[in-house]
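Comments concern the structure below.
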Amino acid sequence: LAKTTQPISMDSYEGQEVNITCSHNNIATNDYITWYQQFPSQGPRFIIQGYKTKVTNEVASLFIPADRKSSTLSLPRVSLSDTAVYYCLVGDLSGGYNKLIFGAGTRLAVHP
Amino acid sequence: DAGVIQSPRHEVTEMGQEVTLRCKPISGHDYLFWYRQTMMRGLELLIYFNNNVPIDDSGMPEDRFSAKMPNASFSTLKIQPSEPRDSAVYFCASSFPDRETGNTIYFGEGSWLTVV
């Protein structure tokens with residue numbers, strides 16, 4: 001399983017764009033990159049997933065360079081409600097099993 | 001879809017008592033996971049099932065913990081006897097890996113366990 005490394009914490013202000021980078025040097029060919037968001041007192045929630053290049057949805061964008069050894073979650077114009085822990089996970093669909101390891105995540109604090 | 005449903009949401013029990021946590025996965029999902037989250041250890045995978053069969057229970061801390069999945073719509077995590085160090089939030093999650101959703105895992109709201 002590919003190990004991931006991401007910053008422990010980040011601070012931002014309302015209206016700013018936030019970029020959280022995750023390193024996954026040992027990513028395998030079949031691995032997808034998935035980001036989850038967890039608010040206090042709630043379970044983690046899927047944000048976005050990608051395999052290569054760029055993926056965008058209504059919540060965030062995910063940038064993946066050609067070598068796929070890192071990925072960047074981009075949150076446009078954050079608000080106070082984006083204060084949460086963000087997890088980067090790397091895993092594959094092959095082999096008939098599905099097992100993803102959550103690291104420590106990045107604790108994002110958005111200030112007024 | 002109602003999502004993953006867990007019960008109880010909160011439980012306070014005395015040391016030595018048996019605790020049973022329950023989970024109903026999302027209909028049609030063939031993978032079910034039990035996670036535990038604490039401040040010290042973060043989010044840990046305890047066990048996961050595929051088509052009701054336990055696949056990997058290497059994360060189960062000790063014999064006091066057991067999990068079952070008698071059918072596709074129900075699973076339990078049991079702690080007997082419970083100890084104060086078992087106090088944590090226990091999450092159940094389910095998944096249906098395919099090319100559309102990838103390996104997205106859908107989490108329940110968690111069961112907050114306090115053992116005194």
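None of the figures in this text is laboratory data; all of them are computed from the coordinates on show. Note that this is a predicted model, so its numbers are computed, not measured. Cβ atoms come from the backbone with ideal geometry, glycine included; neighbour counts cover every protein chain shown.
Show me B:40-50, B:6-16 ranked by packing, highest mean number of other Cβ atoms within 10 Å first. Before the final figure, lay out the partial values.
Details: B:40-50: 17.5, B:6-16: 13.5.
The peptides rank, most packed first, as B:40-50, B:6-16.
Positive end of the dipole of chain A (Cβ unit charges, origin at the Cα centre): among A:Ala60, A:Ser79, A:Gly105, the Cα lying farthest that way belongs to A:Gly105. For the residues B:Ser75, B:Ser94, B:Ser27, a GNM of chain B with alpha-carbon springs under 10 Å puts the largest fluctuation on B:Ser27.
Averaging 1/r over every pair of different alpha carbons in the protein assembly as shown and inverting the result gives a Kirkwood radius of 18.3 Å. Computed from point charges on the beta carbon alone (+1 for Lys and Arg, -1 for Asp and Glu), the dipole magnitude for the protein assembly as shown about its Cα centre is near 260 Debye.
How high is the FRET efficiency from B:Ser7 to A:Glu58, r the C-beta distance, R0 45 Å, rounded to 0.05? Display every interim value, and only then the final one.
On the way: r = 31 Å, r/R0 = 0.69.
The formula returns an efficiency of 0.90 here.
Listed by chain and number, the lysines whose C-alpha is less than 29 Å from the C-alpha of A:Lys54, apart from same-chain residues fewer than 8 away, are A:Lys3, A:Lys69, A:Lys99. Of the residues A:Gln42, A:Thr29, A:Thr5, the one whose Cα sits farthest towards the positive end of the charge dipole of the protein assembly as shown is A:Thr29 (charges of +1 on Lys and Arg Cβ, -1 on Asp and Glu Cβ, taken about the Cα centre).
Considered as an equivalent ellipsoid built on the Cα gyration tensor, chain B has semi-axes of 24, 14, 13 Å, the largest given first. In this Cβ point-charge picture (+1 for Lys and Arg, -1 for Asp and Glu), chain A has a dipole of about 260 debye about its Cα centre.
Derived scalar couplings between HN and Hα for region B:81-90 equal x, 7, 10, x, 6, 7, 4, 5, 9, 10 Hz in order, rounded to whole Hz, by the Karplus curve 6.51 cos²θ - 1.76 cosθ + 1.60 (θ = phi - 60°), x for Gly and Pro. I need the shape label for chain A. Rule: rounded when a/c is under 1.5, else prolate if a/b > b/c, else oblate, with a, b, c from the alpha carbon gyration tensor. Verdict is prolate for chain A.
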